Amino acid sequence: MLTLQNVSAGYNGIDVIYNISLSVKEGESLCIIGPNGCGKTTLIKAISGIISHDGIIKIDGTDINNMKREQVAKKIAVMSQISTIYFSYSIYETVLLGRYLHMKGRTFKEPSARDREYTDKCLKAVGLLNIKHKQISTLSGGQLQRVYLARTLAQEPSIILLDEPTNHLDLKHQTELIDFLRDWSKYEGHSVIGVMHDLNLATKLSDNMLVLDNGNIAAYGNTNDVISSNLLNEVYDMNVTEYMVDSLRHWESFDSYYKNKLRKVN
């Protein structure tokens, strides 16, 4: 579905990522992890065609440099981190913008019945259908994140690229979002690529994992193999495994404490 061969990219003539090669198959979820400044977002921008690159990026066997911007947008949708600058449209109007590419040839780009029906379907999927007429300027960060996810889905892409998708979400909605994306990726013709900081959420979402360090591939492969390797300790300059295990023990002790407390009350 997506292949990268020796891809380098950056800004103002200076590369930030170097010689990245990978492939993402249909039905696969890939998470990109690594410390701040390692090139995660730059890689997402290169894949989506937002910035130029050296090397080869192909979608379904076609080099994106040989595709029109509209063709790339029909294959790939990008859900970026929330910006504080946005127009005060309603939730419904914002998500309907994701249908723009599918309105080609219609007078003044008027949405069809299917566009409106699909928009409602996307709003229902993220739990916002019942408040679709609210202005997005009145929403919490978590609600706004779900609006942008719905707009991404409305584009009907084959590949969703995510840049820190769980920002501004509480624990419940973080879990729901990751579960939704993982399920979505398993539908025929879909795949998900996400930049993540939270390693627990990254392991929950991903089949495979790419670790970047100073713009280079430090590790790439099956998520369980990558997470269990000692290499993450070097990349993050800390004992990552010990941190994750300690966190689990901490929550297990809380769970045990409150269960005992409930037994005494009852």
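Could you tell me the calculated FRET efficiency between residue 11 and residue 156, based on Cβ-Cβ distance and R0 = 25 angstrom, to the nearest 0.05?
0.25
For segment 23-44 and segment 220-237, compute the distance between their C-alpha centroids and round to whole Å.
If you average the Cα positions of each part, the centres end up 14 Å apart.
Got a sec to turn the phi values of segment 57-68 into Karplus ³J(HN,Hα) couplings, 6.51 cos²θ - 1.76 cosθ + 1.60 with θ = phi - 60°, whole Hz, x for Gly and Pro?
10, 10, 10, 6, x, 10, 5, 5, 5, 9, 10, 5
For residue 222 and residue 113 in the same chain, what is the full-extension length gain: residue separation times 0.36 nm, less their Cα-Cα distance, in nm?
35.0 nm
Just check segment 22-167 against the gyration tensor rule for me: Cα atoms, a ≥ b ≥ c as the square roots of the eigenvalues, rounded for a/c under 1.5, and otherwise prolate or oblate depending on whether a/b exceeds b/c.
oblate
Once the piece of chain linking residue 21 and residue 56 is laid out straight, how much longer is it, given 0.36 nm per residue of separation minus the C-alpha distance between them?
Taking residue 21 through residue 56 to full extension adds about 11.7 nm, to one decimal.
How do the peptides 132-140, 147-155 rank, highest first, by the average count of neighbouring beta carbon atoms within 10 Å per residue? Intermediate results must be reported in sequence, preceding the final value.
Details: 132-140: 14.0, 147-155: 23.9.
Result, highest mean Cβ count within 10 Å first: 147-155, 132-140.
Going by the alpha-carbon gyration tensor, a ≥ b ≥ c the square roots of its eigenvalues, is the chain rounded (a/c under 1.5) or, if a/c is not under 1.5, prolate (a/b greater than b/c) versus oblate?
Because a/c hits 1.5 or more and a/b fails to exceed b/c, the chain counts as oblate.
What list of ³J(HN,Hα) values in whole Hz, one per residue of segment 146-153 in order, does the Karplus curve 6.51 cos²θ - 1.76 cosθ + 1.60 (θ = phi - 60°) give from phi, with Gly and Pro shown as x?
6, 4, 5, 5, 4, 5, 5, 5
Between residue 2 and residues 5 or more places away or on another chain, which pairs have amide H atoms under 5 Å apart, with H built 1.01 Å from N, and which residues are they?
Amide H neighbours of residue 2: 24, 60.
Given 0.36 nm per residue, what is the gain on full extension from residue 130 to residue 187 after removing their alpha carbon distance, in nm?
Separation in residues times 0.36 nm, less the Cα-Cα distance, equals 17.9 nm.
Of 40/132; 45/172; 124/172; 75/124, which pairs sit farther than 25 Å apart, going by alpha carbon to alpha carbon?
40/132; 45/172
Could I have the simple spin-label model distance between residue 172 and residue 97, label points 7 Å from Cα toward Cβ, reported in nm to one decimal?
According to this spin-label approximation, the distance is 2.8 nm.
Taking other Cβ within 10 Å of each residue's Cβ, how do 79, 238 sort, fewest first?
Least to most surrounded, the residues fall as 238, 79.
Show which aspartates and glutamates lie in cross-link reach of residue 25 when reach means a straight Cα distance below 17 angstrom and same-chain residues fewer than eight apart are skipped.
60, 63, 183, 188, 207
Quick check: the distance between the Cα centres of segment 181-197 and segment 107-175, to the nearest angstrom?
16 Å
None of the figures in this text is laboratory data; all of them are computed from the coordinates on show. Here the structure is a predicted model, which is why all the values come from computation and not from measurement. A quick note on method: Cβ atoms are made from the backbone with ideal geometry, for glycine too, and the neighbour counts reach across all protein chains shown.
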